[in-house]
1. Read through the list (1) open to solvent by 40 Å² or more (accessible area, probe 1.4 Å); (2) modelled with pLDDT of 95 or more; (3) under 28 Å from VAL21 (Cα atoms); (4) in contact with a Leu (Cβ under 9 Å, 6 or more places away or on another chain), then give the number of the only condition that GLU130 fails.
2. If you check PHE14, PHE36, PHE65, PHE51, which single one turns out to be without any contact (Cβ under 8 Å) to a residue 24 or more places away in the chain and of a type in the set (A, V, I, L, M, F, W, C)?
3. Mind listing whichever residues of region 7-25 are crowded, with 24+ Cβ neighbours inside 10 Å and in contact with a helix residue (DSSP H, G or I) (Cβ under 6 Å, 6 or more places away or on another chain)?
4. Can you spot a residue in region 26-35 that is assigned to a helix (DSSP H, G or I), in contact with a His (Cβ under 8 Å, 6 or more places away or on another chain) and open to solvent by 10 Å² or more (accessible area, probe 1.4 Å)?
5. Return the total of residues in region 33-75 being modelled with pLDDT under 95 and touching a Leu at 6+ places or on another chain (Cβ under 6 Å).
6. Are any residues in region 98-119 among the hydrophobic types (A, V, I, L, M, F, W, C), outside any loop (DSSP other than H, G, I, E, B) and open to solvent by 50 Å² or more (accessible area, probe 1.4 Å), and if so, which ones?
7. Of the numbered conditions (1) modelled with pLDDT of 95 or more; (2) among the aliphatic types (A, V, I, L, M); (3) open to solvent by less than 70 Å² (accessible area, probe 1.4 Å); (4) more than 18 Å from SER123 (Cα to Cα), LEU78 satisfies every one except a single condition; which is it?
8. Of the numbered conditions (1) of a type in the set (A, V, I, L, M); (2) touching a strand residue (DSSP E or B) at 6+ places or on another chain (Cβ under 9 Å); (3) without any contact (Cβ under 8 Å) to a residue 40 or more places away in the chain, VAL94 fails exactly one; give the number of that condition.
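The values are calculated or read from the model by the stated rules, or taken from the named source; none is laboratory data. Everything quoted here is computed from the prediction, not taken from an experiment. Cβ sites come from the backbone with ideal geometry, for glycine too, and all protein chains shown count toward neighbours. Side chains included, ligands, DNA and RNA excluded: accessible areas come from the protein's heavy atoms. Shrake-Rupley method; radii C 1.70, N 1.55, O 1.52, S 1.80 Å.
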Amino acid sequence: MLDLGCGRGPYLYFWQWFVGVTAGIELSEWACKNAFVPYVVNGDISNEEIFKGISPLNWDLITAFDVLEHLDDNQLDLTLKNMLKYGNQFLISVPVIGDPNLLNDKTHKQLKTKEEWIKLWESYGLKITEAPKDWLYHEQLFIGERI
């Protein structure tokens, strides 16, 4: 399981109890040095070289929680290509137009509707399923599988 934009790795701390190998990629050097888990790599998720340096080279699950909306168009394109090249299944969380959290964070660069996000992901070769309605924050959670 690989977590993109993992911060200090709180989700990785949880996931390590259930899956064998976990790793994270985080841009903040401070977060990497103060991570809750041992394997958090400092790097840019839009740079394929960072993916090449992490084993395994093909992840069963890649998560991207509260990170894709912070990327510019070029970074988003490169990151989605990396995700599809190195992952099989995906759990993604992004605030969408209509969610007040989207505009509350001035660092958000991607302002899309739910339909626009789904259409974008599908254009990269993902089959998208919306999260079950009884999941917390289901309106911004998406399950993806590489076609």
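1. Here GLU130 meets the rest and fails (2).
2. Details: PHE36 fails: without any contact (Cβ under 8 Å) to a residue 24 or more places away in the chain; PHE65 fails: without any contact (Cβ under 8 Å) to a residue 24 or more places away in the chain; PHE51 fails: without any contact (Cβ under 8 Å) to a residue 24 or more places away in the chain.
Among PHE14, PHE36, PHE65, PHE51, only PHE14 is without any contact (Cβ under 8 Å) to a residue 24 or more places away in the chain and of a type in the set (A, V, I, L, M, F, W, C).
3. Restricting attention to region 7-25, the residues satisfying the condition of being crowded, with 24+ Cβ neighbours inside 10 Å are 9, 12, 22, 24-25.
Answer for region 7-25, where residues must be crowded, with 24+ Cβ neighbours inside 10 Å and in contact with a helix residue (DSSP H, G or I) (Cβ under 6 Å, 6 or more places away or on another chain): THR22, GLY24, ILE25.
4. No, there is no match, as no residue in region 26-35 is assigned to a helix (DSSP H, G or I), in contact with a His (Cβ under 8 Å, 6 or more places away or on another chain) and open to solvent by 10 Å² or more (accessible area, probe 1.4 Å).
5. 2
6. Of all residues in region 98-119, those among the hydrophobic types (A, V, I, L, M, F, W, C) come to 102-103, 111, 117-118.
Okay, now just the ones that are also outside any loop (DSSP other than H, G, I, E, B), so 102-103, 117-118.
Within region 98-119, just LEU103 meets the criteria.
7. So LEU78 meets the others, but not (4).
8. Of (1) of a type in the set (A, V, I, L, M); (2) touching a strand residue (DSSP E or B) at 6+ places or on another chain (Cβ under 9 Å); (3) without any contact (Cβ under 8 Å) to a residue 40 or more places away in the chain, only one is false for VAL94: (3).
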